[in-house]
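See below for the structure under consideration.
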Amino acid sequence: MRLGIDLGGTKIEGIVLGDDGVEKARKRVATPRGAYDATMRAIADLVAALARETRVAATTPVGIAIPGALSPATGLVKNANSTNLIGHPLDRDLEQVLGRRVRLANDANCFALSEAVDGAGAGHRVVVGVIVGTGTGGGIAVDGKVLTGPNAIAGEWGHNPLPWPDEDERPGPPCYCGKRGCIETFLSGPGLAADFARASGRTSSAQEIAAAAAAGDAAAAAALGRHARRMAKALASVINVLDPDVIVLGGGVSNIASLYEAVPKLWGEYVFSATPEACSARDAHVPRDVSTPLRRNRHGDSSGVRGAAWLWPVGE
């Protein structure tokens, strides 16, 4: 069996999976507020409870999804929105507290791994997992393993600028990272809501906009149309660089059903995969042959904790 922990800002979720991916147990507790030591104790108590319930061996390692990354240069947590984790050697500290081997990964990487192993990307070699919710991030799994990179930022496409911007998309909204026009400022749930508010003068969440569009609201439908084109541009740049076998969407915005039809229809305009007819016509609007599928995630909110459990391959 394998143990996984998803350390979030408001909750810590734990899971035990069999080697076949079948869930044996799951528990969730509240994340202690702003207290590093208390967070470690909460994780330790959760692991102990899961181990008792399922009789997991004392030598079974733990995979942990975190809202940040472990710096390869320093071995300390960086880029975490749970700021109490930043600057700590969380994996080493947890190994001492748990008495088990620990492997950490960014929560978006765990999402990608989960969907690659037995989710919407199962059976494919290169899987890009894209999380579009409160923020916008992503992860890459290759041959069932997370691709991290020397800076531990592989897949973080949300903080690239929106490619091929229209005039009204320049310089773009300000981003918390200090730049303007990041993909996140357009595609995240708050980004979609802000675009709708700018165009209509109305305040609605991403989910409310999608519902209004389905009910025939013209302003909401227009906002979803702009959002789909922007997602198509942003994902086309991912396809141009990585050419993945499949792209899987996660996060709250992934529940907007129209994206799965609209975005692939639009991204052919931007993917460098022109048909001979398009090349001879030199017309960017001629449909292009793009084989990459865009899929909804299979495991939903469980992908993070399931991916954490898969961080330790069988036999390690």
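Rule-based calculations on the coordinates, nothing more; no lab input. Quick caveat: nothing in here was measured; it's all calculated off a predicted structure. Every residue, glycine as well, gets a Cβ built from its backbone with ideal geometry; the counts of neighbours run over all protein chains shown.
With contributions of -39500 (n - 2.57) from each DSSP H run of at least four residues, the per-residue ellipticity at 222 nm computed over the chain stands at -11000 deg cm²/dmol. For all pairs of alpha-carbon atoms in the range 123-297, what percent lies in each bin of width 10 Å, listed from the first bin to the last filled one? Calculated over all Cα pairs of the range 123-297, the distribution is 10, 37, 36, 15, 2 percent.
So how strong a dipole does the range 123-297 carry about its Cα centre when Lys and Arg Cβ are +1 and Asp and Glu Cβ are -1, to the nearest 20 debye?
Working: 16 positive and 17 negative charges, 49 e Å.
Magnitude of the dipole: close to 240 debye.
Ordered by packing density, taken as the mean number of other Cβ atoms within 10 Å over each peptide's residues, highest first, how do 144-151, 45-52, 27-34 rank? Don't skip to the end; give the middle numbers.
Values: 144-151: 15.5, 45-52: 17.1, 27-34: 13.5.
Averaged packing, sorted descending, gives the order 45-52, 144-151, 27-34.
In this structure the amide hydrogen of Gly8, modeled in the peptide plane, comes within under 5 Å of the amide hydrogens of Glu13, none closer than 5 places in sequence on its chain.
By DSSP, the beta bridges lying fully in the range 123-297 are antiparallel in about 60 percent of cases.
Taking amide hydrogens as placed 1.01 Å from N in the peptide plane, the amide H of Thr134 sits under 5 Å from those of Gly189, Gly252, each at least 5 positions away in sequence or on another chain.
Compute the convex hull volume of the Cα atoms of the range 101-188, divide it by the residue count, and report the result per residue in Å³ as a whole number. Walk me through the numbers on the way to the answer.
Working: hull volume 11.0 nm³, N = 88.
Dividing the Cα hull volume of the range 101-188 by its residue count gives 125 Å³.
Which three numbers, in whole Å and largest first, are the semi-axes of the equivalent ellipsoid of the chain derived from its Cα gyration tensor as √(5λ)?
On the way: eigenvalues 263, 92, 64 Å².
They are 36, 21, 18 Å, listed from largest to smallest.
Note on the chain: dipole from Cβ charges, positive end direction compared against Ser188, Ala38, Ser114; the farthest Cα belongs to Ala38. The residues neighbouring Gly251, those whose beta-carbon lies less than 15 Å from its own, together hold a net charge of -3 under the Lys/Arg +1, Asp/Glu -1 convention. Farthest toward the positive end of the dipole of the chain, out of Gly268, Thr59, Val248, is the Cα of Thr59, where the dipole comes from beta carbon charges about the Cα centre. Dipole magnitude for the chain: about 600 debye, using +1 per Lys or Arg Cβ and -1 per Asp or Glu Cβ, origin at the Cα centre.
Net charge around Phe111, counting only other residues with Cβ within less than 15 Å of its Cβ (Lys, Arg = +1; Asp, Glu = -1)?
Values: positive: Lys145, Arg295, Arg296, Arg298, Arg306; negative: Asp6, Glu13, Asp107, Glu115, Asp118, Glu156, Asp301.
So the environment of Phe111 carries a net charge of -2.
For a straight C-alpha distance cut-off of 17 angstrom, the lysines reachable from Lys265 (same-chain residues fewer than eight places away being disregarded) are Lys233.
Where in the chain lies the longest segment free of chymotrypsin sites (Phe, Trp or Tyr not before Pro) that are both loop residues by DSSP (not H, G, I, E, B) and have at most 16 other Cβ atoms within 10 Å? Present the calculation step by step, with values, prior to reporting the outcome.
Numbers: sites that count: Tyr176, Phe272.
In the chain, the maximal stretch lacking such sites is 1-175.
Please determine, in degrees from 0 to 90 and to the nearest 10, the orientation of helix 218-242 with respect to the longest principal axis defined by the Cα atoms of the chain, where the helix direction is its Cα long axis. Result, in degrees: 70.
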